[in-house]
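The values are calculated or read from the model by the stated rules, or taken from the named source; none is laboratory data. Remember, it's a predicted structure, so these values are computed and weren't measured experimentally. Because the Cβ atoms are built from the backbone with ideal geometry, glycine has one as well, and the counts that use them run over all protein chains shown.
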Amino acid sequence: MASERQIHVGDVPVGGGAPVVVQTMTKTETANLQATMSQIDQVAKAGADLVRVAVPREQDVRALPEIIARSPIPVIADIHFNHTLAIKAIEAGAHCVRINPGNIGGEEKVAQVVEAAKRCETPLRVGVNSGSLPKHLRQLEFDDPVEALVTAAVETVELMERLDFRNFKVSMKSTSVPNTIASNRMLSAKIPYPLHLGVTEAGTKWSGSLKSAVGLGTLLADGIGDTIRVSLSTFHAEEEVKVAWEILKALKLRAKGPVLIACPTCGRLQFDMDSVVAEVERRLAAYEDPIEVSVLGCAVNGIGEARHADFGITGAKDMGMIYSKGEPLKKVPTDRLVDELFAEIDRYYEAGRKVQRDERAAQEARAWLAENEDASAMTPEKLAALEAEAANDAVAEQVLESMLSPAPPLDEELSPVAGRRFTRNQMAER
Ligand code: SF4
């Protein structure tokens with residue numbers, strides 16, 4: 001269930017039906033202004049809406065005002081254990097402060113942070129982590145980790161409400177994907193506040209992306225989650241942003257830049273499609289419009305599978321074709337496919353987003369497609385022909401086999417050799 005309430009982190013709305021917000025966290029020493037600003041610029045360029053910085057020390061909180069002033073996107077201060085740093089981060093102008101009330105040193109200290117947040121109108125992110133649940137939930141965590149996480153989160157929300165504070169979002173972090181899904185489903189039905197989603201310590205770029213896609217994707221597909229962070233074990237925080245965007249784009253929750261569709265290739269492929277896809281992806285990075293571009297390794301099933309693509313190419317050994325919305329545009333030599341594809345895309349934009357068709361070129365392409373498509377598609381007619389061919393092949397194979405195999409000895413009763421002038425072996429030797 002989508003959250004009912006909305007908060008604003010800087011100028012970014014979170015929850016209450018706002019687009020799902022992409023955030024990440026810098027990996028640099030926050031007090032190292034040059035390194036931190038460089039990473040913030042990179043994640044903003046990659047599409048982060050919000051950025052979080054770790055604030056474990058005094059020098060980090062001292063660096064905050066300049067970071068906030070220079071950052072192109074709102075900055076969240078991430079604080080554990082130290083309520084004084086949280087209050088200082090709020091006073092330094094952080095657009096949001098993340099605390100886990102369970103590890104900040106008791107309700108009295110949480111209340112002081114909340115008081116500062118109210119005074120400065122700073123939203124908080126309040127969270128619970130599976131690794132640091134309150135003592136009274138330890139046994140429940142052992143028996144039912146999902147129930148324990150949700151109970152801790154609800155208790156945190158109740159504490160915020162007792163303190164008459166509602167300018168917050170909530171996060172529950174678990175390293176387990178099933179627990180992340182189950183706990184967020186349960187919590188979203190219980191509270192109206194925005195939810196921050198993430199699979200904590202998800203892993204390397206490969207496994208972490210998959211875990212996040214499964215965990216966050218499942219929840220987002222259910223309409224749960226208002227802001228996401230993909231956690232990857234890489235210094236390059238922009239990679240987290242790119243993965244987060246791919247998840248949102250795959251679910252069509254947000255659009256950003258072109259969408260590239262490419263077939264997985266198979267034994268029918270007759271050209272170097274890996275290089276073509278890499279080049280198409282590289283060149284598409286320069287476009288901001290969410291056009292869909294498809295690359296098919298062959299025309300085995302026609303181009304119907306890519307009929308939704310704004311533009312696409314399909315190749316064969318020497319010649320390929322460019323198409324738009326399932327309609328051929330022109331055929332071109334395979335080594336010119338990418339250049340011609342982008343020439344067509346540019347023509348489309350120059351004409352005010354109108355596909356430019358040359359009927360003669362399109363006709364040639366259609367003829368080429370007719371020759372090349374369905375070459376091995378399994379129509380009922382082709383299946384019947386293949387079965388007949390296979391049957392013929394089987395007969396031919398039997399004949400060949402019988403010619404090559406040694407003849408079985410003749411039955412002595414049918415053709416006796418006893419009393420005659422030969423033996424069977426002698427005959428075979430003649
Ligand atoms: S489009 Fe052609 S090459 Fe690509 S996977 Fe399908 S059959 Fe194979």
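Considering the conditions (1) of a type outside the set (Phe, Trp, Tyr); (2) within 16 Å of the ligand (Cβ to nearest atom); (3) modelled with pLDDT of 90 or more, residue 255 is excluded by exactly one of them, (2). Going by the structure shown, is residue 105 in a loop (DSSP other than H, G, I, E, B), of a type outside the set (Ser, Thr, Tyr), out of contact with any Phe, Trp or Tyr (no Cβ under 9 Å at 6 or more places or on another chain) and in the same structural domain as residue 41 (by TED's automatic domain parsing)? No: the conditions fail for residue 105. Of the residues 288, 279, the single one that is part of a loop (DSSP other than H, G, I, E, B), farther than 24 Å from residue 362 by Cβ, more than 15 Å from the ligand (Cβ to nearest atom) and charged (D, E, K, R) is 288. Would it be correct to say that residue 274 is out of contact with any helix residue (DSSP H, G or I) (no Cβ under 9 Å at 6 or more places or on another chain) and not assigned by TED's automatic domain parsing to the domain that holds residue 298? In short, no. Taking the numbered list (1) buried (at least 17 other Cβ atoms within 10 Å of the Cβ); (2) assigned to a helix (DSSP H, G or I) in turn, residue 62 passes all entries but (1). Being under 33 Å from the mean Cα position of the chain (by Cα) and either more than 30 Å from residue 218 (Cα to Cα) or touching a residue at least 24 places away in the same chain (Cβ under 8 Å) (or both) is the requirement here; does residue 59 meet it? Criteria not met by residue 59.
Suppose we filter 121, 147 for residues that are under 16 Å from residue 184 (Cα atoms), surrounded by fewer than 16 Cβ atoms within 10 Å (Cβ to Cβ) and either in contact (Cβ under 8 Å) with a residue 40 or more places away in the chain or in the same structural domain as residue 77 (by TED's automatic domain parsing) (or both); which single one remains?
None of the other options fit; the residue is 147.
So for the stretch 259-266 (the condition being touching a residue at least 24 places away in the same chain (Cβ under 8 Å), under 24 Å from residue 22 (Cβ atoms) and more than 16 Å from the ligand (Cβ to nearest atom)), does at least one residue qualify? Yes; the residues of the stretch 259-266 include at least one that is touching a residue at least 24 places away in the same chain (Cβ under 8 Å), under 24 Å from residue 22 (Cβ atoms) and more than 16 Å from the ligand (Cβ to nearest atom).
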